[in-house]
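Notes follow once the structure below has been shown.
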Amino acid sequence: MKVTLAKTAGFCFGVKRAVHMVYDEIGDLPVFTYGPIIHNEAVVEDLKERGVQVVESIDDERLVPGAAVVIRSHGISRNVYEALEKKGVRIVDATCPFVKKIHRIVEAQSEEGRHIIIIGNNRHPEVEAIKGWCKTPATVIETIDEADSFHAPASEKLCIVSQTTFNYNKFQELVEIISKKGYDIRCLNTICNATEERQSEARQIAANVDAMIVIGGRHSSNTQKLFEICKNECENTYYIQTLNDLDLAQVKSMSNVGITAGASTPNNIIEEVHKACLK
């Protein structure tokens with residue numbers, strides 16, 4: 001059996017940076033992450049065993065002055081950031097630089113009076129954070145129906161940005177629908193380069209194999225997008241979190257198998273799946 005492992009599989013720059021920053025903070029003083037640092041249960045559990053705790057609210061009583069709070073790569077809203085400062089905690093900002101750039105863009109564009117359109121998942125923490133840096137109300141669009149039904153006054157000026165892990169082809173499709181409505185639009189493709197490369201490579205591999213394995217957390221947006229892309233190219237596409245989720249007998253009946261993984265998937269999990277398929 002031939003096994004092709006995507007070169008772009010696994011931790012992206014932003015996630016790797018954030019995880020390393022958490023491990024670097026572990027010591028005698030309390031360390032918290034604002035939300036799970038990564039959409040991977042194995043990593044979160046390992047950090048928990050080392051004393052790192054997760055907080056989900058600014059009102060958490062554990063947030064006492066001097067405690068270290070690591071902001072995950074998804075970022076947080078301006079209001080939450082300022083509330084943490086008032087708490088007197090030590091903020092360790094691990095927001096992905098690509099996400100931080102979007103915060104600056106929407107802040108500046110909304111100050112100019114532009115209506116911000118965020119192409120992405122409204123329930124995703126990255127999108128929630130981006131909305132929190134807009135000076136004016138923002139609209140989140142994820143589907144063709146939502147793009148079709150979007151309406152604003154004819155004089156409205158728009159600025160379109162994207163969640164960093166959004167499907168690039170779908171982003172283009174939604175932007176085209178909105179552009180035909182005749183608004184004054186400033187469109188900025190803020191999809192991370194690593195995301196585009198990962199999606200493009202996964203699509204290419206999936207189109208040329210009998211089965212495709214996509215590894216990543218169930219709550220990982222970028223892994224879900226990878227699965228959708230691969231499924232469109234290869235009917236036998238399997239979404240797994242670890243090797244335990246994979247039916248090896250079924251996979252080994254195939255002559256040509258591809259493997260990719262989301263940006264939150266540690267290398268050791270990828271390697272375990274890769275070696276098991278090669279045996």
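Only one of (1) within 20 Å of the chain's Cα centre (by Cα); (2) closer than 20 Å to N122 by Cβ; (3) open to solvent by 20 Å² or more (accessible area, probe 1.4 Å) is not met by E196, so which one is it?
(2)
Tell me, which strands (runs of 3 or more DSSP E) lie completely within region 61-133 with 1 or more residues that are of a type outside the set (A, V, I, L, M) and either free of Cβ contacts under 8 Å to residues at least 60 places away in the same chain or open to solvent by less than 20 Å² (accessible area, probe 1.4 Å) (or both)?
Where strands (runs of 3 or more DSSP E) fall fully within region 61-133 and carry at least 1 residues being of a type outside the set (A, V, I, L, M) and either free of Cβ contacts under 8 Å to residues at least 60 places away in the same chain or open to solvent by less than 20 Å² (accessible area, probe 1.4 Å) (or both), they are 90-93, 115-119.
Looking at I71, is it farther than 30 Å from P153 by Cα and not charged (D, E, K, R)?
Spelling it out, I71 is indeed farther than 30 Å from P153 by Cα and not charged (D, E, K, R).
Restrict the check to region 16-28 and report whether at least one residue is among the basic types (K, R) and either over 17 Å from C96 (Cα atoms) or assigned to a loop (DSSP other than H, G, I, E, B) (or both).
no
Considering only residues of region 202-232 that are under 22 Å from I37 (Cβ atoms) and of a type in the set (S, T, N, Q), which is most open to solvent (accessible area, probe 1.4 Å)?
The selected residue is Q224.
Within region 250-279, take every residue that is part of a helix (DSSP H, G or I) and without any contact (Cβ under 8 Å) to a residue 40 or more places away in the chain and give me the one that is surrounded by the most Cβ atoms within 10 Å (Cβ to Cβ). Walk me through it before giving the result.
If we filter region 250-279 for residues that are part of a helix (DSSP H, G or I), which is where we start, we get 250-251, 267-278.
Still in the running and without any contact (Cβ under 8 Å) to a residue 40 or more places away in the chain: 250, 268, 271-272, 275-276.
Values: Q250: 11, N268: 9, E271: 13, E272: 16, K275: 11, A276: 14.
This residue is E272.
Restricting to region 134-149, and then to whatever is of a type in the set (S, T, N, Q) and outside any loop (DSSP other than H, G, I, E, B), can you tell me which residue is surrounded by the fewest Cβ atoms within 10 Å (Cβ to Cβ)?
S149
If I ask for residues that are closer than 23 Å to G10 by Cβ, out of contact with any strand residue (DSSP E or B) (no Cβ under 8 Å at 6 or more places or on another chain) and open to solvent by less than 60 Å² (accessible area, probe 1.4 Å), which ones from region 43-60 would you list?
Answer for region 43-60, where residues must be closer than 23 Å to G10 by Cβ, out of contact with any strand residue (DSSP E or B) (no Cβ under 8 Å at 6 or more places or on another chain) and open to solvent by less than 60 Å² (accessible area, probe 1.4 Å): V43, D46.
Go through region 233-247 and report how many residues are touching a residue at least 24 places away in the same chain (Cβ under 8 Å) and either under 21 Å from the mean Cα position of the chain (by Cα) or open to solvent by 10 Å² or more (accessible area, probe 1.4 Å) (or both).
Within region 233-247, residues that are touching a residue at least 24 places away in the same chain (Cβ under 8 Å) and either under 21 Å from the mean Cα position of the chain (by Cα) or open to solvent by 10 Å² or more (accessible area, probe 1.4 Å) (or both) number 10.
With respect to S73, determine if the residue is of a type outside the set (A, V, I, L, M) and modelled with pLDDT of 95 or more.
no
Please identify the pairs in which a residue from region 155-180 that is on the phi < 0 side of the Ramachandran plot has its Cβ atom under 6 Å from the Cβ atom of a residue that is at pLDDT 95 or above and small (G, A, S), counting only partners at least 6 apart or on another chain.
Going by the 6 Å Cβ cut-off, the qualifying pairs are Q163/G120; F166/G120; F171/S162; L174/A147; I177/A147; I178/A147.
The values are calculated or read from the model by the stated rules, or taken from the named source; none is laboratory data. Quick caveat, the model's predicted, so the values are computed rather than measured. Backbone-built Cβ (ideal geometry, glycine too); neighbour counts: all protein chains shown. What goes into the accessible areas is simple: the full protein's heavy atoms, side chains included, and nothing from ligands, DNA or RNA. Shrake-Rupley method; radii C 1.70, N 1.55, O 1.52, S 1.80 Å.
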